[in-house]
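Note sheet for the following structure.
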Amino acid sequence: MSTAQRGNTREIWRRVLPVALVLAAVVTAFVVTHEPLARVEVVDFTQEQQDLGSFYGLWTDEQKALKAMPLADYIVSVTAGKTTVVDTAPWATFAHGVSLSQEGNPPDRTWRRRIGEYGSMYVRQRDLPSPDLVAGLPDGEARYASLSDGTWVKAVAVRLSSSDFTLGSGLHGPPHSLAYPLRDMFFPLLGLAVLIYVLLPWPHRGEGIIAYDRWRMVLGDSMGLLLTIVFVGLPFLITSNAALAVTEYWGLTLVFWLIGLLGLWAVQVGISAGGLQIMVLADSLVRMTAWRREEYLFADMAFVQPAIQIPPKWLITTSWLAALSGRRGSGAALLGAQSETRGFRITMKDGRVAHIWLTDQMGAVMMRGAEALPRALTAAGVPMSTEGVTVRGMSVG
């Protein structure tokens, strides 16, 4: 493999790996645990009995009876058939941690990560001092652990299902640290993507090589990545559940992913631009991209003419449809419809045609060393036609 080929291979990996890693970061951030959880609290039965019926002033006959009971009878009635007597140091330590966390003073980072919505405490069932306390119970079923010092710990089984996720507003209840166990990988994956993009050796462009400035490549890569991530990742953000996005809401996901193909196309353009180099040799013109190598002998060129590239009709139509569906897209659609790039069209004696684009949509020369191309063509005696040609396409270089 030649040095140029190795460089082009690196340019492919420079775009593909970061995009894959960022997509993986987005997907893993919304992978929901299948592990059963438990909502736990240290119960103050005195306060609980006083609060009966206090919401909206609504009372049931059962609540009235419980309210009138002596406290001891109330505790027996509420916990009947649901109590496990425990007398171990792990339970005492656990109850102390729950109590402090309920008061807003979690003892350490582990307990802070267990605080869910409205200050409720959640743990994985296997992290309970007695995991079998609520093992196998259906969602919402409660059990009580009675400690020798009179402390009561209430544990309610929590089994996440699709009904726990509200479209557009996410998950309510358990903390994300427990509900999304892979979310801690998000920033490491993003960091790895950035490191790969930055640290892979950049191609060395010597004298006589026409290529894009590096800042243009970085800008194009950033736009391609952003476009891809936004539309591929939006279904996961909307549903807050990676599994739901590809099952129950597959139609919504499909729409966004089809739009996201434009982002992947932009990534492919970035690969082509990153590996593009045009070498002006003594007797030929060599164009290399990340995908192929093409050589055009000056002696085999029939003539060269100025060329203009304008967007394909389908892209203009899509842009206007997108503009009509929103309030602020007409300007971008108008600019896109009127954009054009300029360069040369080389017609070979055997009928082959090659286009080399040297400017951006604003008319500025976007390739470093581009002035060497017309000089070389003139010096080689290649016939130059003043008749311009307009083509539709989205090629670079």
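Details
- When the criteria are applied in full, P181 meets the requirement of being under 22 Å from the mean Cα position of the chain (by Cα), surrounded by 13 or more Cβ atoms within 10 Å (Cβ to Cβ) and outside any helix (DSSP H, G or I).
- Residues that are touching a residue at least 12 places away in the same chain (Cβ under 8 Å) and within 30 Å of D127 (Cβ to Cβ), drawn from segment 49-84: Q49, Y74, I75, V78, T79, K82, T83, T84
- When I75, I115 are checked against the criterion of being within 24 Å of L137 (Cα to Cα) and modelled with pLDDT under 90, I75 stands alone in meeting it.
- Top-ranked residue in segment 161-177 [being buried (at least 18 other Cβ atoms within 10 Å of the Cβ) and within 20 Å of the chain's Cα centre (by Cα); ranked as farthest from A243 (Cα to Cα)]: L171
- Scanning segment 273-289 for residues that are over 17 Å from E207 (Cα atoms) and crowded, with 22+ Cβ neighbours inside 10 Å yields A273, G274.
- In segment 179-197, the residues that are farther than 15 Å from E35 by Cβ form Cβ pairs under 6 Å with partners that are polar (S, T, N, Q), at six or more places apart or across chains, as follows: M185/T28.
- Residue check for L160: part of a loop (DSSP other than H, G, I, E, B), touching a helix residue (DSSP H, G or I) at 6+ places or on another chain (Cβ under 9 Å) and either more than 21 Å from S101 (Cα to Cα) or at pLDDT 90 or above (or both): yes
- Restricted to strands (runs of 3 or more DSSP E) entirely inside segment 299-397, those with at least 2 residues that are modelled with pLDDT of 70 or more and not hydrophobic (A, V, I, L, M, F, W, C) are 301-310, 341-348, 389-392.
- Tabulated pairs, segment 85-104, first under 15 Å from A155 (Cα atoms) and modelled with pLDDT under 90, second among the polar types (S, T, N, Q) and surrounded by fewer than 13 Cβ atoms within 10 Å (Cβ to Cβ), C-beta under 8 angstrom, 6+ apart or interchain: none
- Residue match in segment 291-303 (condition: within 30 Å of L167 (Cα to Cα) and of a type outside the set (D, E)): no
- Scanning segment 222-245 for any residue that is outside any helix (DSSP H, G or I) and surrounded by 15 or more Cβ atoms within 10 Å (Cβ to Cβ) turns up at least one such residue.
- Residue check for S130: loosely packed, with under 14 Cβ neighbours inside 10 Å and either assigned by TED's automatic domain parsing to the domain that holds H96 or more than 30 Å from T247 (Cα to Cα) (or both): no
- The set of residues in segment 184-216 that are aliphatic (A, V, I, L, M), part of a helix (DSSP H, G or I) and in contact with a Phe, Trp or Tyr (Cβ under 9 Å, 6 or more places away or on another chain) contains only I196.
- With a requirement of 2 or more residues that are over 29 Å from D132 (Cβ atoms), the helices (runs of 4 or more DSSP H) lying completely within segment 35-96 that satisfy it span 45-51, 61-68.
The values are calculated or read from the model by the stated rules, or taken from the named source; none is laboratory data. Note that the structure is a prediction, hence the values are computed from the model and not measured. Note: ideal-geometry Cβ built from the backbone for every residue, glycine included; neighbour counts use all protein chains shown.
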